[in-house]
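In what follows, a structure is listed as structure tokens, so that the remarks can point back to it.
The values are calculated or read from the model by the stated rules, or taken from the named source; none is laboratory data. Predicted model, so just to flag it, every value in this text is computed and none were measured. When we count neighbours, we look across all protein chains shown, and the Cβ atoms used for this are built from the backbone with ideal geometry, even at glycine. Surface areas here come from the heavy atoms of the whole protein model, side chains and all, with no ligands, DNA or RNA. Shrake-Rupley method; radii C 1.70, N 1.55, O 1.52, S 1.80 Å.
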Amino acid sequence: MVQIARAIVHEIPKGRYSADGESQVGLSGAETALAAQTRRFIEDNMLDFALKSPREVLEDTQAGSTTPGLVKELLADSERFVSASQEIARNLHRAQTGNSPSGILIVALVTNAGAPAVVLLKAEHAEGMRLRRVGDQATGRFDLEHLNELIVGNNSRIYKIALLSVVGGSVVGQMVDQQNGVAFADFFMSSFLGCHLADSSEVQTKQFMQSTMTWVNNVVDDEGRQSRYATALLAYMASPEPTFQASDFAERFLEAEDRDSFVDSLPDDVSASVINKDLSLVPGHGAGLRMYAPGVVVSASATALDRGDLEILSEHSGSTTIRIRGSLKKYGLGTAPKA
């Protein structure tokens, strides 16, 4: 359980940082006094609740952020608490994208399982209504009061949280991005925290599948092989094996003359690695294939392709025939595909 020892709150404006707008960051010049009930709410409803399913992060010395150094200062020198937290707030504003909402940044010195750590929590401003009784029960009424600076908790998916400590001179920790789930906001993890995921299998899986489809579409010049390779990719990634490797896919499914070209087209950290399979970032979790022609989009599940329920045939005339085994079961209305 995370327990807060000291905390300070800064207000972060919305949007992207500009050189003449840095003064918009609302900095606290002293620690924030937390009442016992407020401290409990942050610990239980914001930190412990959100950190049930975190991702491990490691300091990335190539990211160029000064936040890891400031975290080390916070843990090494308690006298730097206020000033270091102010610079961390400025870092967050500088890292934000143009559509980042306004909110608060809580910087806290905490203990996590008895060990010292730093919590960085961004929560958005929200709006709400408060019910308020006016007068007595017999003759009074209820009024609604508009509140436009709420910071809410519990199940609200509005937090970006990092729980950071120092191990062996490097910052390590856990991160949760409740707005973006497994995708994460790159500005928060990399530009602001100066970290990267300890295990980026979901990112590498997405890169492998997207790069393979790009290679199939742009490099392979035979329509029959395009169809076969794209279908093979889905079958390969749907297999029960927990890991995959680019060279293994190439050996099993690609013509010999295509293998080197394929492997060379992949990012370096994907082409040479054995990767834990994680389809969480892949559109549709890799369960289907879409085929595009002018004014036409055809979707097929990986199961249907594997069974041969849909065949893609290249004609000598240069046209393509899609053959469905069996009869069509249903027609429906939908929006037209983009040209």
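Taking every protein chain into account, the 1.4 Å probe leaves Phe142 with about 120 Å² of accessible area, to the nearest ten.
The angle between the Cα long axis of helix 201-218 and the main principal axis of the chain comes to about 40°, on a 0 to 90 degree scale. Placing a label point 7 Å from the Cα of Val298 along the Cα-to-Cβ direction, the residues of region 216-241 whose backbone N falls under 18 Å from that point are 217, 222-235.
Near Arg252: Cβ cut-off under 14 Å, other residues only, Lys/Arg at +1 and Asp/Glu at -1. The net charge is -3. Rounded to the nearest 0.05, what FRET efficiency do Thr320 and Gln24 give with R0 = 51 Å and r taken as the Cβ-Cβ distance? Could you check? Between Thr320 and Gln24 the formula returns 0.35. Take the convex hull of the alpha carbons in region 1-133; its mean projected area over all directions comes to 10.4 nm².
Running a GNM on the chain with Cα contacts under 10 Å, which residue among Ser261, Ser280, Ser190 ends up with the highest mean-square fluctuation? Among Ser261, Ser280, Ser190, the largest mean-square fluctuation in the Gaussian network model of the chain belongs to Ser261.
Taking all protein chains together and rolling a 1.4 Å probe, Tyr17 ends up with roughly 70 Å² accessible. The alpha carbons of region 1-76 occupy a box of 38, 29, 28 Å along the principal axes, longest dimension given first. If R0 is taken as 25 Å, the Cβ-Cβ distance between Ala76 and Arg39 corresponds to a FRET efficiency of 0.55.
If the chain linking His285 and Ser53 were pulled fully straight, counting 0.36 nm for each residue of separation and taking away their Cα-Cα distance, it would gain 81.5 nm.
Spatial offset of region 199-241 relative to region 84-107 amounts to 38 Å, using the alpha carbon center of each.
With a cut-off of 10 Å between beta carbons, the residues surrounding Asp199 carry a summed charge of -2, where Lys and Arg count +1 and Asp and Glu -1. What percent does the relative contact order of the chain come to when contacts are Cα pairs within less than 8 Å and at least six residues apart? The value is 16 percent. Across all directions, the average flat footprint of the convex hull enclosing the Cα atoms of the chain is 26.7 nm².
For Thr97 and Gln210, the FRET efficiency from 1/(1 + (r/R0)^6), where r spans their Cβ atoms and R0 equals 25 Å, is about 0.70. Each peptide in 162-169, 241-248, 90-97, 310-317 was scored by the mean count of other Cβ atoms within 10 Å over its residues; highest first, the order is 90-97, 162-169, 241-248, 310-317. Principal-axis analysis of the Cα atoms of the chain puts helix 256-265 at an angle of about 20° to the longest axis.
Just from its helices, what would the mean residue ellipticity at 222 nm be for the chain, if runs of 4 or more DSSP H residues each count -39500 (n - 2.57) and the sum is divided by every residue, rounded to the nearest 500 deg cm²/dmol? The helix-only estimate for the chain comes to -8000 deg cm²/dmol at 222 nm. Backbone amide hydrogens, once placed in the peptide plane, bring Tyr159 within less than 5 Å of Gln178, Gln179, excluding anything fewer than 5 places away on its chain. Between the Cα long axis of helix 67-76 and the first principal axis of the chain there is an angle of about 40°, rounded to the nearest 10.
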